1. Using only the Cα atoms, work out Rg/Rh for the chain, with Rh taken as the Kirkwood radius, to two decimals.
2. Could you grab the relative contact order for the chain? Cα pairs under 8 Å, six or more apart, rounded to a whole percent.
3. State which entries of Lys4/Lys158; Lys113/Lys158; Lys113/Lys178; Lys97/Lys151; Lys178/Lys204 exceed 18 angstrom in Cα-Cα distance in the structure shown.
4. May I ask you to compute the full-extension gain from Asn52 to Asp150, defined as 0.36 nm times their residue separation minus their alpha-carbon distance, rounded to one decimal in nm?
5. Explain nothing, just compute: Karplus ³J(HN,Hα) = 6.51 cos²θ - 1.76 cosθ + 1.60, θ = phi - 60°, for every residue of the stretch 150-167 in order, whole Hz, x for Gly and Pro.
6. How would the stretch 119-193 be classified by its alpha-carbon gyration tensor: rounded, prolate or oblate, with rounded meaning a/c under 1.5 and the a/b versus b/c comparison settling the rest?
7. From the helices alone, meaning DSSP H stretches of at least four residues, give me the mean residue ellipticity at 222 nm for the chain, per-run term -39500 (n - 2.57), in deg cm²/dmol to the nearest 500.
8. Packing-wise, with mean Cβ within 10 Å as the measure, how do 33-43, 17-27 rank, highest first?
Amino acid sequence: MAIKVIAFDADDTLWVNEPYFQETERRFCELLEDYLPHHSVSQELFRTEMQNLPLYGYGVKAFMLCMVETALKVTEHTLNVTVIEKALELGKEMLAKPIELLDGVEDVLASLKGRYRLVVATKGDLLDQERKLKKSGLEHFFHHIEIMSDKRESDYLKLIRHLDIAPDEFIMIGNSLKSDVLPVLAIGGHAVHVPYHITWEHEKVDHHVEHDRFRSIARINEILSHL
């Protein structure tokens, strides 16, 4: 591989993210347990998220809006306003969470910096992702930060053009087969999957990926032996 640029996903690749969403969802379901069982509220919340994804995109703020909308649906607009206040508080707590780096991340970035151009390629809310990157202490490792509204083939092609490289000089490392692997392989790039123990339902892929430009590793520091 004649790799020039290594791009890293952020959430659940560099630092912990999805467990915070799942814990918040559990607490949100508890707020509405007088109306529906937890699993039913959870299903309704997911449906609301999927319906609103084209409008709100990804991130905590979108999740907050979906919690409010779900609460209104579940209670048929009869809920006490304090439930909405508590849902908003849950979202604000998520925004204030400390950044917990995943094992090996800092060592890997330190080893690769100077040998390759390192990039963050992540989707989500611009302000929130910028905040997390700054709080992480990792910002100085990266040549470029790309916060995307989505991770489609067109989004990666735009990034590659900006970096002025060919697709086969680009490798993407992330925890999502759907967002970090499949679109990159489709445009001629390389991709490495680092599975995380929790995956958001929307990011799950139900088929095995086989490709000569694809690798799956158990821990992020294993990438060093593949470059």
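What follows is calculated from the coordinates using simple rules that are stated; it is not laboratory data. Small disclaimer: the values here were computed from a predicted structure and weren't measured. Using ideal geometry, Cβ is built from the backbone for each residue, glycine included, and neighbour counts are taken over all protein chains shown.
1. Here Rg/Rh amounts to 1.01.
2. 25
3. In this structure, Lys113/Lys158; Lys113/Lys178; Lys97/Lys151 lie more than 18 Å apart at Cα.
4. Stretched out fully, the Asn52 to Asp150 stretch lengthens by 33.9 nm.
5. After applying 6.51 cos²θ - 1.76 cosθ + 1.60, I find 7, 10, 9, 4, 5, 5, 5, 4, 4, 5, 5, 5, 4, 7, 6, 9, 7, x Hz.
6. It comes out prolate by the Cα gyration axes.
7. -13500 deg cm²/dmol
8. 17-27, 33-43
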